[in-house]
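Inspection log for the structure reproduced underneath, given as structure tokens.
The values are calculated or read from the model by the stated rules, or taken from the named source; none is laboratory data. Only a predicted model underlies this, so the values are computations on that prediction, with no experimental measurement involved. Note that we place each Cβ from the backbone using ideal geometry, even for glycine, and neighbour counts take in every protein chain shown. All accessible areas refer to the heavy atoms of the entire protein, side chains included, with ligands and DNA or RNA removed. Shrake-Rupley method; radii C 1.70, N 1.55, O 1.52, S 1.80 Å.
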Amino acid sequence: MPEFALLWGKHATLEDLIVGILLRNGDIVTAEKRWRGDIRCRGGRIVELAEALDAGSEDEVLDASGHLVFPGGVDPHVHMQLPVAGTVSSDDFESGTAAALAGGTTTIVDFVHPERGESFLAALAARREEASKAVADYGLHMAVTWWGEETARWMADCVHQEGIPSFKLYMAYKETVGLEDAQLIHALEAAHNLDARVLVHAEHGDMVEHLRSRLAAAGSLGPEAHPRSRPPELEGEATSRMTILAELAGASVYIVHVTCRQAAEALAKAQDSGWEIYGETCPQYLLLDESVYEKPDFEAASFVIAPPIRPAEHQEALWEALRTGVLQVVATDHCPFNLEGQKELGRNDFRRIPGGAAGVEHRLALLYSYGVKKGRIELQQFVDLVSTRPAQLFGLYPRKGSISIGADADLVLWDPEATGTISASTHHHNCDRSIFEGFSVTGLPSTVVAAGRVQYKDGDLRVERGAGRYLARSLSA
Ligand code: MN
């Protein structure tokens, strides 16, 4: 390599041109084991693991003393720059992935939502353009928003050519992205034929629409009507129906944002019968209760998400479902809208409030503080819930979600004693409100390494627009 020799002298090798990091004295925690040691990263990958490593020509040595070291978080359910109800979610791929990195999440999986009549591959190309400014690595799930003659073939193209082995189905929102049962069945069968995984938004869409109209007609137009239009029974019914349809179609299904006892019970029942079915919940459902909809001055609109925040008794059912393995993943459904100018579109009619809230930055801190520190879940299970399982379920493992030779150098140095208070005034989300405003947390990332580079350190983001890579995923071994 003479050109390198010219630049770097005769002893230089390609490796010398690649950024290196040596992480020392780590209390390393993965889903499988915990050990004390050093980690060497080169060229964006983990290249050496040992109890003690000598410093080489690394650019940076990180002392992890007093810290836990986790594989970077993987959030498989986020919506950057998503058009909803006449507006667009307020984090784009750049600000959203930056916020993710600041919180220890080094990989996201977002979605492609084709218009009805639009080819999936055309929608994918447009979405990849929007995502190209991401600062962290990302994948995309394909939403099956309509069913036509070519849909099954497009799904095959997604799996075989585009690195998309996962499809989202909506049982609600039939006017825009949701499917009728007959179409759901086609999509489930196509997914089965492709050995793909299906993510499902489970609510009884027709009844939700009926209740929304009925509440509005009766003059209930404020945000407090939102939870009344989407009761937990409708989530339980849809979850139960989907488990049965999925089993009969032979599809592997993952229910997103499980919020309530009824849905958790439906999942547990299907799992007991031996079917492969997975469930996700989100911090807002574990930690907030329905009283948020009583907040005055339209502040309640910030909490308009679907499914809604439930009465407090559902929280314990969700923690129990995490403990017992009925739910395997904690994601965020990050989809922020500013109260001013966005949520306000529905000031006179809750049906026009764009549904969604910010969360991608705080998933690890909230689950660590209120799960691990409170004794509700074990530390290694925490790593599994926020990183390893989502990586495995969506075809990213072991490149993501593990600390192993050859894996991407995505590492979180976690200070278990660091404390903070979540606030919209300090978060990295591009959003004027936080649904976790005032929540105190113990345990925060102090340094985040992604793609082998220090991208967050002591409150300082060092990210590069467009440095995030599209992740082609595969579920075949
Ligand atoms: Mn979502």
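Remarks
- Around the amide H of residue 19, modelled in the peptide plane, lie the amide H atoms of 43, all under 5 Å away and 5 or more residues distant in sequence or on another chain.
- Pair residue 36, residue 176: separation of 7 Å Cα→Cβ label points (nm): 5.3
- Solvent-accessible area per residue for the chain (1.4 angstrom probe, square angstrom): 38
- In order along the stretch 407-419, phi translates into HN-Hα couplings of 6, 4, 7, 10, 9, 10, 8, 9, 8, x, 9, 5, 10 Hz, rounded to whole numbers, per the Karplus curve 6.51 cos²θ - 1.76 cosθ + 1.60 with θ = phi - 60° and x for Gly and Pro.
- FRET efficiency for the residue 55 to residue 437 pair, using the beta carbon distance and R₀ = 41 Å, is estimated at 0.40.
- Extension gain, residue 352-residue 476: 0.36 nm per intervening residue step, less the Cα-Cα distance, totals 40.5 nm.
- The alpha carbon gyration tensor of the stretch 73-393 gives principal lengths a ≥ b ≥ c with a/c below 1.5, which makes the shape rounded.
- For the chain, with all protein chains in place and a probe radius of 1.4 Å, 48% of the accessible heavy-atom surface sits on carbon or sulfur.
- By average C-beta atoms within 10 angstrom, highest first, the peptides 129-138, 172-181, 258-267: 258-267, 129-138, 172-181
- Fraction of beta bridges assigned by DSSP in the chain that are antiparallel (%, nearest 5): 50
- Label zone at residue 115 (point 7 Å along Cα-to-Cβ), backbone N below 16 Å, the stretch 150-185: 176-177
- Distance between the stretch 368-440 and the stretch 269-320 - C-alpha centres, whole angstrom: 19
- Distance between modelled label sites at residue 418 and residue 48, nm, 7 Å Cα→Cβ extension: 2.7
- Estimated from the Cβ-Cβ distance and a Förster radius of 41 angstrom, the FRET efficiency linking residue 192 and residue 214 is about 0.65.
- A cut-off of 5 Å between modelled amide H atoms, ignoring neighbours fewer than 5 places along the same chain, links residue 339 with 432, 433.
- With each label modelled as a point 7 angstrom along the Cα→C-beta vector, the residue 312-residue 462 pair spans 4.5 nm.
- Taking the centroid of alpha carbons for each part, the stretch 68-98 and the stretch 161-233 are 21 Å apart.
- Here the Karplus curve 6.51 cos²θ - 1.76 cosθ + 1.60, taken at θ = phi - 60°, turns the phi angles of the stretch 453-465 into couplings of 10, 6, 10, 8, 8, 6, x, 9, 7, 10, 9, 10, 3 Hz, with x standing for Gly and Pro.
- Axis of helix 232-249 versus longest Cα principal axis of the chain: the two differ by about 70°, to the nearest ten degrees.
- Of 165, 29, 183, farthest towards positive along the dipole that unit charges on Lys, Arg, Asp, Glu beta carbons give the chain: 29
- For GluC sites (Glu not before Pro), the sites in the stretch 398-477 that DSSP calls loop and that have at most 13 other Cβ atoms within 10 Å are 464.
- Summarising the amide proton neighbourhood of residue 84: residues at separation of 5 or more, or on other chains, whose placed amide H is nearer than 5 Å comprise 89.
- Each Cα pair under 8 Å and six or more residues apart adds its separation to the average, and for the stretch 73-393 the resulting relative contact order is 19 percent.
- For the chain, calculated [θ]222 nm from helices alone, where every DSSP H run of n ≥ 4 adds -39500 (n - 2.57): -8000 deg cm²/dmol
- Folded to 0 to 90 degrees: helix 313-323 orientation relative to the chain principal axis, Cα: 40
- Point-charge dipole on Cβ atoms (K/R +1, D/E -1) for the stretch 73-393, about Cα centre, debye to 20: 420
- Couplings 3J(HN,Hα) of the stretch 36-47, computed from phi: 9, x, 10, 9, 9, 10, 9, x, x, 10, 7, 10 Hz, in residue order, whole Hz [Karplus 6.51 cos²θ - 1.76 cosθ + 1.60, θ = phi - 60°; x for Gly and Pro].
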